Amino acid sequence: MTLTERTEAVLQSLQAASLLSYRERMGPKFGIHVEQAWGVPMAAIQAIAKPLRNDHELAESLWQSGWYEARLAAILIDDAAKVTPEQMDRWRAGFDNWGVTDTACFKLFDRVPHAPAKVAEWARLNDEFGRRAGFALLACLALHGKQADYLGGLKLIEGAATDERNFVKKGVNWALRAIGGKKDPALRTAARETATRLAESQDRTARWNGKDALREFAKNDARAAAKDQHSARGD
């Protein structure tokens with residue numbers, strides 16, 4: 001099959017798996033507002049993409065179609081080893097919802113060697129989803145145990161903590177909590193110090209970021225202490 005035929009076959013499979021009820025809930029329930037969407041649940045997209053993994057050409061072709069579900073499939077199908085910095089920037093420029101943004105960072109971009117450099121570039125962008133991508137990528141790198149400049153990331157977090165745009169604010173918070181959950185004691189301490197400063201800020205958004213992160217850290221510490229107690233008792 002040609003690339004065009006393979007692309008069309010995937011698009012047809014995605015459309016066949018669409019549910020009108022899911023499409024109608026995408027905006028009100030999930031906060032995903034896109035024009036080109038069929039309404040395909042993520043589980044169905046994953047099932048369609050699974051046998052096609054590591055097909056870089058097909059991924060690019062699906063991305064170019066512009067369909068929301070096709071772009072999610074492209075992210076799942078692409079070969080991280082073949083993703084270039086130029087492709088990362090080009091795809092990032094097309095981010096217009098948190099679903100594609102976060103999936104790209106969580107399922108593909110954080111496995112690309114160029115990812116750490118993109119964090120600082122994207123975190124300084126002005127558009128909402130571009131900036132969201134910078135902090136989502138930082139969070140994903142931390143959660144997946146990748147090497148990155150996390151102390152520098154905390155400075156980026158502190159600098160963007162006053163951005164009240166919903167998807168930026170939540171991306172900043174996600175990154176702060178992810179770094180605070182690292183096993184490295186120095187990073188954990190630095191993240192908590194950053195959260196404390198933000199919690200004491202005069203800015204409402206920064207204050208929310210700090211307080212929310214501190215609550216999460218407290219919950220994690222309590223769970224870890226309880227686990228240690230169980231281990232000590234041999235439970």
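The values are calculated or read from the model by the stated rules, or taken from the named source; none is laboratory data. What you see is a predicted model; the values in this text were computed from it and never measured. Every residue, glycine among them, receives a Cβ derived from its backbone with ideal geometry; neighbour counts consider all protein chains shown. Note: areas computed on protein heavy atoms with side chains; ligands, DNA, RNA excluded. Shrake-Rupley method; radii C 1.70, N 1.55, O 1.52, S 1.80 Å.
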- Item | Pairwise FRET efficiency - Lys146 versus Lys82, Cβ, R0 = 22 Å, nearest 0.05 | 0.75
- Note on the structure: Per 5 angstrom bin, beginning at 0 and ending with the bin that holds the maximum distance, the Cα pairs of the chain fall in percents of 1, 7, 14, 16, 16, 14, 12, 9, 6, 3, 1, 0, 0
- Query: What does the charge count near Gly134 come to, summing +1 for each Lys or Arg and -1 for each Asp or Glu among other residues with Cβ under 10 Å from its Cβ?
  - Reply: +4
- Message: Multiplying the sequence separation of Ala117 and Glu164 by 0.36 nm and subtracting their Cα-Cα distance, what value in nm do you get?
- Response: 14.5 nm
- Query: Just the accessible area per residue of the range 30-111, please: how many Å² with a 1.4 Å probe?
  - Reply: 41 Å²
- Query: What figure in square angstrom, to the nearest 10, would you give for the accessible area of Trp67 with a 1.4 Å probe?
  - Reply: 70 Å²
- Note on the structure: Between the modelled labels at Asp221 and Ala16 (7 Å from Cα along Cα→Cβ) the distance in nm is 5.5 nm
- Query: Excluding ligands and nucleic acids, what accessible area in Å² is computed for Val119 using a 1.4 Å probe, to the nearest 10?
  - Reply: 10 Å²
- Per residue of the range 127-139, in order, report the coupling 6.51 cos²θ - 1.76 cosθ + 1.60 (Karplus, θ = phi - 60°) as ³J(HN,Hα) in whole Hz, putting x for Gly and Pro. 6, 4, 7, x, 5, 4, 4, x, 7, 5, 5, 4, 4
- Item | Per-residue HN-Hα couplings for the range 81-92 [Karplus 6.51, -1.76, 1.60; θ = phi - 60°; Hz; x = Gly/Pro] | 5, 9, 7, 9, x, 5, 5, 4, 5, 5, 5, 4
- Note on the structure: The extension gain from Arg124 to Glu24, computed as 0.36 nm times the residue separation minus the Cα-Cα distance, is 32.6 nm
- Query: Of all the accessible heavy-atom surface of the chain, with the other protein chains kept in place and a 1.4 Å probe, what percent is carbon and sulfur?
  - Reply: 51 percent
